[in-house]
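Visitor: Just passing along the structure, written as structure tokens.
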Amino acid sequence: MRHSTLRQLEIFESIARLGSFTRAAEELFLTQPTVSMQIKKLTDEVGLPLFDQIGKKIYLTDAGRELHQTCLSVFEHFSHFEMTVADMKGLKTGKLKLAVVTTAKYFAPRLLGMFCRQYPGVDVSLKVTNRELLLERLINNQDDLYILGQPPKEIDMVAQAFLENPLVVLAPIDHPLANKKKITLKRIAEEPFLSRELGSGTRIAIERFFAGQGLQLNTRIELGSNEAIKQAVIGGLGISILSRHTLALDAPLGQLAVLDVQHFPINRQWYYAYLSGKKVSIVAEAFLSYLRQAPEYLTDLTCHHAEVGHCPLLHENKSCAISKKISSV
Ligand code: PGA
């Protein structure tokens with residue numbers, strides 16, 4: 001392998017990630033014959049095939065998978081080195097690769113926005129996916145940091161809670177339960193329920209909570225996104241339970257009611273996490289200390305109001321920081 005070049009590894013990594021020689025050539029501004037020739041040289045060095053082609057699709061062989069993991073860790077070391085040198089020069093530059101669960105997309109981009117204003121030399125990439133796929137990425141060490149709900153015990157990771165994530169019961173605004181107080185869980189379990197897809201962290205938390213109360217929800221439809229669920233609730237297909245964060249910004253608040261249900265909200269937390277033993281990059285470390293030092297900003301992120309009187313927190317006789325500010329004007 002001593003004769004393989006970094007460029008060959010870069011080409012290999014791009015093909016492995018994109019699943020295509022053509023797309024890798026495009027990404028790296030190379031011609032396809034150049035890509036094929038470099039991969040042939042690399043394959044000769046390894047002495048085993050790196051890809052299997054079945055029809056039009058290419059797959060990594062066992063040797064290819066090993067080499068891919070090696071490439072990721074080589075590139076990670078190089079990027080740490082670049083950041084360390086930049087840090088020595090008094091600059092914070094480099095890349096932050098953040099992956100978050102679907103529901104964290106309601107606040108993660110704003111968090112990143114604030115962070116990027118503080119560190120203009122940092123490039124960020126944000127991957128949004130559900131819990132199951134996020135844990136796969138975490139195990140494969142594909143990103144610098146992860147934001148998720150309750151971290152699973154079976155994966156050895158460093159995880160720290162940094163923000164509340166209350167789950168609330170949503171119904172259409174004209175639902176017969178919308179004006180009721182202290183609705184029982186049993187009554188909620190009787191309603192047609194709209195559930196997130198398998199693999200969703202929200203779904204796992206809700207099912208565990210109701211099972212713990214000896215109840216089972218009357219699931220009518222499974223939908224693959226929080227948006228689809230909100231629209232289906234508004235459309236009268238059933239009620240649902242989602243993170244209060246999903247009511248942020250573009251939420252159709254006038255059409256949704258947060259029900260007053262006993263034992264609710266379910267108090268969850270958002271965690272940042274990374275695999276134990278991972279060397280956290282300088283930029284990722286800067287992001288972590290920004291997260292730890294921004295409690296006030298984070299509190300404001302938990303309120304989701306369009307205007308005074310539309311803050312879901314008001315359902316619990318509390319008003320959020322921004323609503324208070326607006327009402328005092
Ligand atoms: P989800 O995860 O977006 O996959 O439902 C949210 C969570 O774990 O709280």
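The values are calculated or read from the model by the stated rules, or taken from the named source; none is laboratory data. Note that the structure is a prediction, hence the values are computed from the model and not measured. Don't worry about glycine lacking a Cβ; one is built from the backbone with ideal geometry, like all the others, and counts go over all protein chains shown.
Visitor: Quick check: anything in segment 179-192 crowded, with 16+ Cβ neighbours inside 10 Å, modelled with pLDDT of 95 or more and either outside the structural domain of Gln262 (by TED's automatic domain parsing) or within 16 Å of the ligand (Cβ to nearest atom) (or both)?
Guide: No.
Visitor: Right, another one. Return yes when Gly64 is farther than 27 Å from Arg7 by Cβ and more than 24 Å from the chain's Cα centre (by Cα) and no when it is not.
Guide: No.
Visitor: On to the next question. Determine which single condition Gly90 fails, assuming it passes every other condition in (1) surrounded by 14 or more Cβ atoms within 10 Å (Cβ to Cβ); (2) free of Cβ contacts under 8 Å to residues at least 60 places away in the same chain; (3) over 15 Å from Tyr274 (Cβ atoms); (4) away from the ligand (no atom under 15 Å from the Cβ).
Guide: That leaves (1) as the condition not met.
Visitor: Can you tell me which residue among Gly224, Gly238 is within 13 Å of the ligand (Cβ to nearest atom), in contact with a Lys or Arg (Cβ under 8 Å, 6 or more places away or on another chain) and not assigned by TED's automatic domain parsing to the domain that holds Leu288?
Guide: Step by step, each of Gly224, Gly238 is checked, and only Gly224 is within 13 Å of the ligand (Cβ to nearest atom), in contact with a Lys or Arg (Cβ under 8 Å, 6 or more places away or on another chain) and not assigned by TED's automatic domain parsing to the domain that holds Leu288.
Visitor: Follow-up question, since we're still on this one. Which of the strands (runs of 3 or more DSSP E) found entirely inside segment 218-277 contain at least 2 residues meeting this: hydroxyl-bearing (Ser, Thr, Tyr)?
Guide: 240-243, 266-275
Visitor: Scan segment 63-85 for residues that are farther than 18 Å from Ala16 by Cβ and either touching a Phe, Trp or Tyr at 6+ places or on another chain (Cβ under 8 Å) or touching a residue at least 60 places away in the same chain (Cβ under 8 Å) (or both) and jot them down.
Guide: Residues satisfying the conditions are His80, Met83, Thr84.
Visitor: Okay, moving on. Out of the residues in segment 141-153 that are over 17 Å from Ser200 (Cα atoms) and surrounded by fewer than 16 Cβ atoms within 10 Å (Cβ to Cβ), which is farthest from the ligand (Cβ to nearest atom)?
Guide: Per the stated criteria, the residue is Asn141.
Visitor: Give Gly199, Gly224 a once-over and let me know the one that is at pLDDT below 95 and on the phi > 0 side of the Ramachandran plot.
Guide: Being at pLDDT below 95 and on the phi > 0 side of the Ramachandran plot holds for just one of Gly199, Gly224, which is Gly199.
Visitor: Now for a separate question. Do you know which residues across segment 193-207 are in contact with a strand residue (DSSP E or B) (Cβ under 6 Å, 6 or more places away or on another chain), of a type in the set (Ser, Thr, Tyr) and within 10 Å of the ligand (Cβ to nearest atom)?
Guide: Passing the criteria: only Thr202.
Visitor: Further question on the same structure: What's the total number of residues in segment 3-37 that are assigned to a helix (DSSP H, G or I) and of a type outside the set (A, V, I, L, M)?
Guide: 16
Visitor: For segment 59-84, enumerate the residues that are within 19 Å of Asp123 (Cα to Cα) and either among the β-branched types (Val, Ile, Thr) or not in a helix (DSSP H, G or I) (or both).
Guide: Thr84
Visitor: So how many residues does segment 208-220 have that are within 16 Å of the ligand (Cβ to nearest atom) and surrounded by fewer than 16 Cβ atoms within 10 Å (Cβ to Cβ)?
Guide: So the count comes out to 2.
Visitor: Oh, and also: Can you pull out every residue in segment 38-58 that is outside any helix (DSSP H, G or I) and touching a residue at least 24 places away in the same chain (Cβ under 8 Å)?
Guide: Scanning segment 38-58 gives Leu50, Phe51, Lys57, Ile58.
Visitor: While we're looking at this one, here's another question. Restricting attention to segment 78-93, does a residue exist that is assigned by TED's automatic domain parsing to the domain that holds Lys279 and within 21 Å of Ser225 (Cβ to Cβ)?
Guide: Looking through segment 78-93, none of the residues is assigned by TED's automatic domain parsing to the domain that holds Lys279 and within 21 Å of Ser225 (Cβ to Cβ).
Visitor: Continuing with the same structure: Which of the residues spanning segment 18-61 are within 15 Å of Met1 (Cα to Cα) and of a type in the set (Lys, Arg)?
Guide: Matches in segment 18-61: Lys40, Lys41.
Visitor: Oh, and also: Does segment 119-140 contain at least one residue that is touching a Lys or Arg at 6+ places or on another chain (Cβ under 6 Å) and within 16 Å of the ligand (Cβ to nearest atom)?
Guide: Yes, because at least one residue in segment 119-140 is touching a Lys or Arg at 6+ places or on another chain (Cβ under 6 Å) and within 16 Å of the ligand (Cβ to nearest atom).
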